[in-house]
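Enquirer: Below is one structure. I have some questions about it.
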Amino acid sequence: MKTLLLAGGLGTRLRPLTENLPKPMAPIANRPWLEHLITYLRDQGINQFVIASHHCSDVIKNYFGDGKRFGVDIEYSDETHQMGTAGAIKNAERFLKERFLVVNADIVHLPNLIPLLEFHEQSGGIATIALTEVDDPSSYGVVQLDDSSRILRFVEKPRREEAPSNLINAGLYILEPEVMRYIPAGREVSIERETFPTLIQKSKNVYGKISSGYWFDMGTPERYRKIHWDVLENRNPLPTRGNQVQPGVWLGKDTKIGSGVRFIPPVLIGDNVEVGDQSVIGPFAVIGDHCHIGSKVHFSNSILWDQSSISDNIRVNNSIMAYKTFLNEGKVYDNLILNQYERVMQA
């Protein structure tokens, strides 16, 4: 079965981090989320992928190529303009001639596929939508099911007290090729607002199935940080690379730690990192590969991407810093969202 990964969005809520990066390529635990997703699905038996890309698509292509390095086959469906979720599916129609899986690649979702696939096979529907339960559905598209798990209607961002359920679209679909007949070509189309309601209106059986496994929308800086903290506290089962040198502290290969450095768990540090003397790292600190941390640095509640440098006597808290960030000496940085792209453009 082929899997279409929807990776063409602009990631506007994560700007400036996504100015020059597709949102699914944002690192989680020092690896791009899209890499985590592909290898996770590969380990469940999926080895053929189509990536629908638009914003900074070359970043994805240059990283994954044909997929052989990751033990999979990858093809690309390029979008010349924003297509929407269903428009992206229609645009990739030439790759999808049999039953296929669609995954919204900018949601951190680690589903157990076998129950979803078995349910779809048994239901005989044209589409099965993976669902997840949330405490407050008012920010999402909510579904109403009948007793056979057939979807009766969608309610987009209802008031909490008016929501027909707490089940929302998890951004994963199993679709039959017949669905393509109901998606107009050449324009932006939303699968949530247009395609699924059309299928329901035409009495095509669309089913919903609760998906087990971790699910979280990483669309904002606050949510992006929360996903990392879930990894560090083992609520998110994504793997962490490195050796656990003390409870809750992971260090990568060839990492050099100066004298008097104090780690306050949880902490994750990548490969080839230098941490200067008397620095305090943590709690809740993620530092990418090939980074340099100066002496007497305090780094907490923050995420630093690869190839970045922090000078001596700097305090960083509650911040996210993108690739190749450089922070000057002797300053306090709090609630900072910084992208090297933005700094270069200003210069």
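Enquirer: Once Rh for region 9-123 is found with the Kirkwood sum over Cα pairs, what is the Stokes-Einstein diffusion coefficient at 25 °C and 0.890 mPa s, in µm²/s?
Expert: The estimated diffusion coefficient comes to 163 µm²/s.
Enquirer: I need the P(r) histogram for the chain: all alpha carbon pairs, bin width 20 Å from 0 out to the longest distance, whole percents.
Expert: 29, 53, 17, 1
Enquirer: Choose one of T325, I314, H290: the residue whose Cα lies farthest towards the positive end of the charge dipole of region 240-338 (beta-carbon charges +1 Lys, Arg; -1 Asp, Glu; about the Cα centre).
Expert: Checking the options against the dipole of region 240-338, the answer is I314.
Enquirer: Just list whichever of K157/K331; K90/K324; K90/K253; K90/K209; K68/K202; K204/K226 have alpha carbons separated by over 32 Å in the model shown.
Expert: K157/K331; K90/K324; K90/K253; K68/K202; K204/K226
Enquirer: How much of the accessible area of region 2-222, in percent, comes from carbon and sulfur atoms when a 1.4 Å probe is used?
Expert: 43
Enquirer: OK, next. Can you give the translational diffusion coefficient of region 160-220 in µm²/s, computed by Stokes-Einstein from the Kirkwood radius over Cα pairs at 25 °C and 0.890 mPa s?
Expert: Answer, rounded: 176 µm²/s.
Enquirer: Counting heavy atoms of the protein chains only and a 1.4 Å probe, report the per residue accessible area for the chain as a whole number of Å².
Expert: 44
Enquirer: So for the chain, averaging the separation of alpha carbon pairs under 8 Å that are six or more residues apart and normalising by length, what relative contact order in percent results?
Expert: 14
Enquirer: Continuing with this model, one more query. Determine the calculated [θ] at 222 nm for the chain from helices alone, applying -39500 (n - 2.57) to every DSSP H run no shorter than 4 residues and normalising by the residue count; nearest 500 deg cm²/dmol.
Expert: -5000 deg cm²/dmol
Enquirer: Measuring from centroid to centroid over Cα atoms, what is the spacing of region 65-129 and region 318-339 in Å?
Expert: Spelled out, the Cα-based centre of one part sits 36 Å from the other.
Enquirer: Taking region 240-338 as the region of interest, what is the percent of Cα-Cα pairs per 5 angstrom bin, listed from the shortest bin to the one with the maximum distance?
Expert: 4, 15, 27, 32, 16, 5, 0
The values are calculated or read from the model by the stated rules, or taken from the named source; none is laboratory data. If you're wondering where the values come from, they're calculated on a predicted model, not measured in any experiment. Glycine gets a Cβ as well: all are built from the backbone with ideal geometry, and neighbour counts include every protein chain shown. Surface areas here come from the heavy atoms of the whole protein model, side chains and all, with no ligands, DNA or RNA. Shrake-Rupley method; radii C 1.70, N 1.55, O 1.52, S 1.80 Å.
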